[in-house]
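Here the structure comes first, spelled out in structure tokens, and everything after it is commentary.
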Amino acid sequence: MSEERSGAAILVECLARQGVEFVFGYPGGAVLPIYDELFSDTRIRHILVRHEAGAAHAAEGYARSTGKPGVVLVTSGPGATNAITGIADAYMDSIPMVVITGQVPTPLIGTDAFQEADTVGLTRHCTKHNYLVKDPEDLAATIEEAFEIATTGRPGPVVIDIPKNVQIATALQGDGPAPRKKRYQPRMIGAPEEIAEAVEMIAQAERPIFYTGGGVINSGPKATELLRQLQSITGAPTTSTLMGLGAFAADHPDWLGMLGMHGTFEANMAMNQCDVMVCIGARFDDRVTGRLDAFSPGSKKIHIDIDRSSINKIVPVDLGIVGDCGAVLEQMIACWGDRKCRDLGEWKARIAGWRARDSLAYPPGKDAIMPQLAVERLFALTRQRDPIITTEVGQHQMWAAQYFGFMGPNKWLTSGGLGTMGYGLPAAIGAQLGNPDSLVIDIAGEASIQMNIQELGTASQFRLPVKVFILNNEYMGMVRQWQELTYESRYSNSYSDSLPDFVKLAESYGWKGIRITDEAGLDAGIQAMLDHDGPVMVDCQVSKDANCFPMIPSGAAHTDMLLYGDLVGGTMEDEAKALV
Amino acid sequence: MKIQHRASERHVLTVVVDNEPGILAKITGLFTARGYNIDSLTVADISEDHAISRITIVTGGPPQVIDQIQAQLERLVPVHRVIDLTEEGPHVERELALVKVRGTGETRVEALRTAEVFRANVVDTTPESFIFELTGSSTKIDSFVGLMRGLGLVEVGRSGIVGMMRGAEGA
Ligand SMILES: Cc1ncc(C[n+]2csc(CCOP(=O)(O)OP(=O)(O)O)c2C)c(N)n1
Ligand SMILES: [Mg+2]
């Protein structure tokens, strides 16, 4: 039965019909009508964050760990601008998200009214799509389209800006979906002849490699299974981007580890030397390719991506297949049939040779814990609980990617494209809400954690037992490392001065605080963190000058990796310095 | 270190879009955000119910960039399709110009004579000035405007290019 409802009530009804369990938000003048609707609604749980960036990252963490869209609700002006970092982050990493922003009433738009910001203008280039809704009549259809756009095709954030008078004015809302024209139709499956060509190329390959990315995770758990299936029938060695970790099991003999700037020697060498590269849901990011004119010079390249603009954007490929990773993998498996793969013994022997370089080896700590060891121990002591790991941004993020083994999808949440410090804690909160029985750990740096430290309060309020494991090296370590390699160790503003006492800070929010200062106390400290039934912050004090290797310095080729122990000059050409 | 620039080729794109607020900002913003050029842009709604607009963009870049521009435009939700006229083959390009010329005596006569050669229409006239209306390819308009410079040119307004494929098929 149709019912006359206010815009705010239509919104809440639409969210409930979409199956939304949580809204991450923060109130303010321009969203008061919506907050009043939420007050008595029993279907949707509002999670009050402490800063709107936290709301957006929490929604990302929820989305990435559950596969469902994250929903954010913030007020106009500063509420919307605060959320933008998280929106931009979701855009870069293709995270499904719907952001509702309040706006000043329509007659005041454009008058520089109190808390007015041009939210649609500001978010135009960091959303997949955005709307300003000027009439409650249009609201239901807009919200339904927003969810469809956010969650299908290449996922991404969608902003719906709703002026306050539109929240109060009424319109008739029917029981079923609102009528609207269907204008968004992403291409899901590959053309049969392209699939056949791809299968033929792989079957002929002497040195194939699968280079997989976040697209496999975004496509859903079935894509992960299909990837593993295609790998097992083709035997292709497999590497992954930062965003794709977990799609392929880290303990599989054909797993090469992560590739790219801080990837393993074997992954990067195999990328360089392969004869057929199959890129599945990755996008040839500069962190992955290194110097472009030296990127995998001798290979034929196949690129599977749901976003046609990703194909040939950076690296020209021999065969582009536009489609969903899962659907295309399924087509390829069917097309492969009962072929036999070629004998890849020689190729795998070469890879074994590169693997023998043991590129993740690191020297023992002299008087402090090596951060790499801390991650290895964290992995060893938690792996049977199949934890969800989030990170902040910096060296600790790369060490987590390198030394923590990911066995399945949706367990690894990190800010890849935008590289946003402050992502990890709110993302862990979102992930914990979506996965109440999982162990959720934010592997953090002492600088990054301070960027959204206020979210400690959110975890306390909602009784979320998240763990924050800080690799405290008293430096913005990644910045320090670049200064060491590029600017002759002039450590300009990269020392983390005036740090808080993290244990006391944790305690003041009602968290448990633990400090680990030496190797002897490492396992016990981690165990104490795991044993506590509630949120815990661990200040793990690690070596201050450890570096993250292997490393392809900016502007260098895959074959020019620096490993631990290599001598570095501490200076760089201007051309290389100019690269990010 | 010096900044390097890359060679570029000219392409005419037709973009069919939903006629909704902000669509032009989305498109022009995409060009600035990704560092693409716009040499000319025209837009008008073309459907009976005013729901669809047709945008013609003249842009330039290396082939890979042109392909990216098309792909990036297609990614925008309100964009229905993008046709690269330059790539598709034979097509017609037209532009309209209004050209105001002031003069008396021999220059005035010469301006009028030149306009006849170019088949420009006189759309406004005073004892000492004309406004000519001229439609044609951009090069034709360029040369007409060039000749008028010596004959008392006051101002020029140009519409930018609209384009269409030759032959019976619709875009
Ligand atoms: C919001 C934001 N500002 C600045 C940066 C640049 N940045 C990248 S890593 C880093 C240092 C991070 O330090 P910390 O969190 O202690 O991690 P570590 O590298 O020491 O492990 C900085 C400043 C960033 N990624 N994000
Ligand atoms: Mg640090």
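The values are calculated or read from the model by the stated rules, or taken from the named source; none is laboratory data. Because the structure is predicted, anything quoted here is derived from the model rather than measured. When we count neighbours, we look across all protein chains shown, and the Cβ atoms used for this are built from the backbone with ideal geometry, even at glycine.
Within region A:421-450, how many residues turn out to be within 12 Å of ligand 2 (Cβ to nearest atom) and either within 13 Å of the chain's Cα centre (by Cα) or among the aliphatic types (A, V, I, L, M) (or both)? Outline the logic, then answer.
So the first thing to find is which residues in region A:421-450 are within 12 Å of ligand 2 (Cβ to nearest atom), and the list is A:421, A:443-450.
Filter again for either within 13 Å of the chain's Cα centre (by Cα) or among the aliphatic types (A, V, I, L, M) (or both), leaving A:421, A:443-444, A:447, A:449.
Here the count works out to 5.
Could you please find all residues in region A:309-349 being within 12 Å of chain B (Cβ to nearest Cβ), hydrophobic (A, V, I, L, M, F, W, C) and closer than 23 Å to A:GLY290 by Cβ?
Within region A:309-349, A:ILE311, A:ILE314, A:VAL315, A:VAL317 qualify.
So which strands (runs of 3 or more DSSP E) are wholly in region B:66-155 and hold at least 2 residues that are surrounded by 19 or more Cβ atoms within 10 Å (Cβ to Cβ)?
Output list reads B:79-84, B:91-102, B:129-136.
Go through (1) among the small types (Gly, Ala, Ser); (2) outside any helix (DSSP H, G or I); (3) without any contact (Cβ under 8 Å) to a residue 60 or more places away in the chain and name the single condition A:GLY534 misses.
That leaves (3) as the condition not met.
Of these, A:ARG385, A:ARG339, A:ARG377, which one is under 30 Å from A:MET421 (Cβ atoms), touching a residue at least 24 places away in the same chain (Cβ under 8 Å) and surrounded by fewer than 15 Cβ atoms within 10 Å (Cβ to Cβ)?
So the residue among A:ARG385, A:ARG339, A:ARG377 that is under 30 Å from A:MET421 (Cβ atoms), touching a residue at least 24 places away in the same chain (Cβ under 8 Å) and surrounded by fewer than 15 Cβ atoms within 10 Å (Cβ to Cβ) is A:ARG385.
Here are A:ASP293, A:ASP275, A:ASP285, A:ASP307: which of them is acidic (Asp, Glu), closer than 21 Å to A:ARG355 by Cα and surrounded by fewer than 24 Cβ atoms within 10 Å (Cβ to Cβ)?
Going through A:ASP293, A:ASP275, A:ASP285, A:ASP307 in turn, the sole match is A:ASP275.
Considering only residues of region A:475-493 that are crowded, with 19+ Cβ neighbours inside 10 Å and not in a helix (DSSP H, G or I), which is nearest to ligand 1 (Cβ to nearest atom)?
A:MET476
Any residue in region A:392-411 that's without any contact (Cβ under 8 Å) to a residue 24 or more places away in the chain and away from ligand 2 (no atom under 16 Å from the Cβ): show its pairings with residues that are assigned to a loop (DSSP other than H, G, I, E, B) and not hydrophobic (A, V, I, L, M, F, W, C) at Cβ separation under 7 Å, as long as the two are six or more apart or on different chains.
Final answer for the pair search is none.
Among the numbered criteria (1) closer than 24 Å to A:ARG480 by Cα; (2) modelled with pLDDT of 95 or more; (3) more than 16 Å from ligand 2 (Cβ to nearest atom), which single criterion is violated by A:ALA349?
Answer for A:ALA349: the failing condition is (1).
Among what's in region B:1-45 and is outside any strand (DSSP E or B), buried (at least 17 other Cβ atoms within 10 Å of the Cβ) and touching a His at 6+ places or on another chain (Cβ under 8 Å), pick the residue that is farthest from the other protein chains (Cβ to nearest Cβ).
Within region B:1-45, the match that is farthest from the other protein chains (Cβ to nearest Cβ) is B:ASN19.
When you check A:ALA140 against the structure, is it within 13 Å of chain B (Cβ to nearest Cβ) and closer than 18 Å to A:ALA8 by Cβ, yes or no?
Details: within 13 Å of chain B (Cβ to nearest Cβ): no; closer than 18 Å to A:ALA8 by Cβ: yes.
Judged against the criteria, A:ALA140 is not a match.
Looking at region B:64-82, I want the residues that are more than 9 Å from every other protein chain (Cβ to nearest Cβ) and on the phi < 0 side of the Ramachandran plot and have a partner that is surrounded by fewer than 18 Cβ atoms within 10 Å (Cβ to Cβ) and not in a helix (DSSP H, G or I) with Cβ atoms under 6 Å, at least 6 apart or on another chain. Which pairs are those?
These pairs meet every condition: B:ARG81/B:VAL16.
Kindly indicate which of A:LEU456, A:LEU471 is more than 14 Å from chain B (Cβ to nearest Cβ) and within 8 Å of ligand 1 (Cβ to nearest atom).
Numbers: A:LEU456 fails: within 8 Å of ligand 1 (Cβ to nearest atom).
Only one candidate qualifies: A:LEU471.
Before we move on, is A:LEU242 in contact with a strand residue (DSSP E or B) (Cβ under 7 Å, 6 or more places away or on another chain), part of a loop (DSSP other than H, G, I, E, B) and modelled with pLDDT of 95 or more?
Yes, satisfied.
Return a yes/no flag: does region A:460-467 have any residue that is crowded, with 24+ Cβ neighbours inside 10 Å and more than 10 Å from ligand 1 (Cβ to nearest atom). Break it down stepwise before answering.
Within region A:460-467, the subset crowded, with 24+ Cβ neighbours inside 10 Å is A:466-467.
When the remaining residues are screened for being more than 10 Å from ligand 1 (Cβ to nearest atom), the result is A:466-467.
Within region A:460-467, one or more residues are crowded, with 24+ Cβ neighbours inside 10 Å and more than 10 Å from ligand 1 (Cβ to nearest atom).
Just checking, does region A:551-570 include any residue being touching a helix residue (DSSP H, G or I) at 6+ places or on another chain (Cβ under 7 Å), surrounded by 18 or more Cβ atoms within 10 Å (Cβ to Cβ) and over 30 Å from A:THR486 (Cα atoms)?
no
So if I check each of A:PRO96, A:PRO157, A:PRO163, which one is touching a Lys or Arg at 6+ places or on another chain (Cβ under 8 Å), surrounded by 18 or more Cβ atoms within 10 Å (Cβ to Cβ) and away from chain B (no Cβ under 14 Å)?
Values: A:PRO157 fails: away from chain B (no Cβ under 14 Å); A:PRO163 fails: away from chain B (no Cβ under 14 Å).
Of A:PRO96, A:PRO157, A:PRO163, the one residue that is touching a Lys or Arg at 6+ places or on another chain (Cβ under 8 Å), surrounded by 18 or more Cβ atoms within 10 Å (Cβ to Cβ) and away from chain B (no Cβ under 14 Å) is A:PRO96.
Inspect region A:320-327 for any residue being among the charged types (D, E, K, R) and either more than 21 Å from the chain's Cα centre (by Cα) or farther than 19 Å from A:ALA196 by Cβ (or both) and give the result as yes or no.
Going through region A:320-327, the residues among the charged types (D, E, K, R) turn out to be A:324.
Still in the running and either more than 21 Å from the chain's Cα centre (by Cα) or farther than 19 Å from A:ALA196 by Cβ (or both): none.
Scanning region A:320-327, I find no residue that is among the charged types (D, E, K, R) and either more than 21 Å from the chain's Cα centre (by Cα) or farther than 19 Å from A:ALA196 by Cβ (or both), so the answer is no.
Hey, any hits in region B:89-107 for a residue that's among the acidic types (Asp, Glu) and within 14 Å of chain A (Cβ to nearest Cβ)?
No, region B:89-107 contains no residue that is among the acidic types (Asp, Glu) and within 14 Å of chain A (Cβ to nearest Cβ).
Is it the case that region A:502-516 has a residue that's within 15 Å of ligand 1 (Cβ to nearest atom) and either within 14 Å of chain B (Cβ to nearest Cβ) or at pLDDT 95 or above (or both)?
Step one: list which residues in region A:502-516 are within 15 Å of ligand 1 (Cβ to nearest atom), which gives A:502.
Then drop every residue that is not either within 14 Å of chain B (Cβ to nearest Cβ) or at pLDDT 95 or above (or both), which leaves A:502.
Yes - at least one qualifying residue is present in region A:502-516.
What single numbered condition from (1) within 20 Å of A:GLY215 (Cα to Cα); (2) over 15 Å from the mean Cα position of the chain (by Cα); (3) not in a loop (DSSP other than H, G, I, E, B) fails to hold for A:MET407?
All conditions pass for A:MET407, except number (3).
Pick from region A:432-450 the residues that are surrounded by 22 or more Cβ atoms within 10 Å (Cβ to Cβ) and part of a helix (DSSP H, G or I): which of them is nearest to ligand 1 (Cβ to nearest atom)? First the steps, then the outcome.
Taking region A:432-450 first, the residues surrounded by 22 or more Cβ atoms within 10 Å (Cβ to Cβ) are A:432-434, A:440-449.
Cutting the leftovers down to part of a helix (DSSP H, G or I) gives us A:432-434, A:448-449.
Working: A:GLN432: 21, A:LEU433: 24, A:GLY434: 24, A:SER448: 3, A:ILE449: 7 Å.
Across region A:432-450, the extreme among qualifying residues is A:SER448.
Tally time: how many residues in region A:465-498 are of a type in the set (A, V, I, L, M, F, W, C) and within 10 Å of ligand 2 (Cβ to nearest atom)?
Step one: list which residues in region A:465-498 are of a type in the set (A, V, I, L, M, F, W, C), which gives A:466, A:468-471, A:476, A:478-479, A:482, A:485.
From the residues that got through so far, the ones that are within 10 Å of ligand 2 (Cβ to nearest atom) too are A:470-471, A:476, A:478-479.
Summing the residues that are of a type in the set (A, V, I, L, M, F, W, C) and within 10 Å of ligand 2 (Cβ to nearest atom) in region A:465-498 gives 5.
Criterion first (in contact with a Gly (Cβ under 9 Å, 6 or more places away or on another chain) and either more than 18 Å from A:GLY365 (Cα to Cα) or not aromatic (Phe, Trp, Tyr) (or both)) does A:MET529 satisfy it?
Judged against the criteria, A:MET529 is not a match.
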